[in-house]
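The values are calculated or read from the model by the stated rules, or taken from the named source; none is laboratory data. Everything numeric in this text was worked out from a predicted model, so none of it was measured. Positions of Cβ are generated from backbone atoms using ideal geometry, with glycine treated the same way; all protein chains shown enter the neighbour counts. In case anyone asks, the SASA skips ligands and DNA or RNA and just uses the protein heavy atoms, side chains included. Shrake-Rupley method; radii C 1.70, N 1.55, O 1.52, S 1.80 Å.
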Amino acid sequence: MSILVKNASNTADLQPPYPYSTWIGYWEGKSGIKLDANTKYNCPAGDCKNACYKKDFDGCHVQKVSDYTHKMYIIPLCSSCNQRTDYFFVDENLLVPAP
Ligand SMILES: [Zn+2]
């Protein structure tokens, strides 16, 4: 199911918890989904047409627009979607709760 999210603000200094060294690594560990380094994946943002290799995805902090608790989730997004300030749809199954 698609859900409307936005990038969370002031997350640049947040570091993933041990033993993860990247937010993509954290997302892979928690989601159980392993991204292949040599495969291009479509950016999961609903209206984004970018396809990227794993190294070009950012593990982004997002919040559900409808969730007033402002709980944060991690999802891989392309670098341009990591910068966007609008709302966009993603598959809710891809959201991993942030630590
Ligand atoms: Zn994108």
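By a 1.4 Å probe calculation restricted to protein chains, Asp91 has an accessible surface near 60 Å², given to the nearest 10. The accessible surface of the chain, taken with every protein chain in place and a 1.4 Å probe, is 50 percent carbon and sulfur. Mean residue ellipticity, 222 nm, helices only, the chain: the sum of -39500 (n - 2.57) across DSSP H runs of n ≥ 4, divided by residue count and rounded to 500, is -3500 deg cm²/dmol. This model, with +1 at the C-beta of Lys and Arg and -1 at the C-beta of Asp and Glu, gives the range 2-97 a dipole about its Cα centre of some 100 debye. Solvent-accessible surface of protein heavy atoms, probed at 1.4 angstrom with all chains present, puts Lys34, Lys40 in the order Lys34, Lys40, largest first.
How much length is gained if the chain between Leu94 and Thr11 is pulled fully straight, taking 0.36 nm per residue apart and subtracting their Cα-Cα distance, in nm to one decimal? Mind showing how you got there, number by number?
Numbers: separation 83, 0.36 × 83 = 29.88 nm, distance 1.90 nm.
Full extension of this stretch gives 28.0 nm more.
Among Tyr87, Tyr53, what's the order by accessible area (1.4 angstrom probe), most exposed first? Could you put the intermediate results ahead of the total?
Working: Tyr87 115, Tyr53 85 Å².
Greatest to least solvent exposure: Tyr87, Tyr53.
Taking the solvent-accessible surface of protein heavy atoms with a 1.4 Å probe, what is the per residue accessible area of the chain in Å²? Intermediate values should be presented prior to the final figure.
Values: 6000 Å² over 99 residues.
Normalised by residue count, the accessible surface of the chain is 61 Å².
Exposure check, 1.4 Å probe, all protein chains in place: Thr69 carries approximately 100 Å² of accessible surface. Let me make sure I get this right: for the range 8-99, a, b and c are the square roots of the gyration tensor eigenvalues over alpha carbons, sorted descending. Under 1.5 in a/c it's rounded, otherwise prolate if a/b > b/c, else oblate. Which is it? Since a/c reaches 1.5 but b/c is at least a/b, the shape of the range 8-99 is classed as oblate. Under 16 Å of direct C-alpha separation, and excluding same-chain neighbours fewer than eight residues apart, Lys54 reaches these aspartates and glutamates: Glu28, Asp36.
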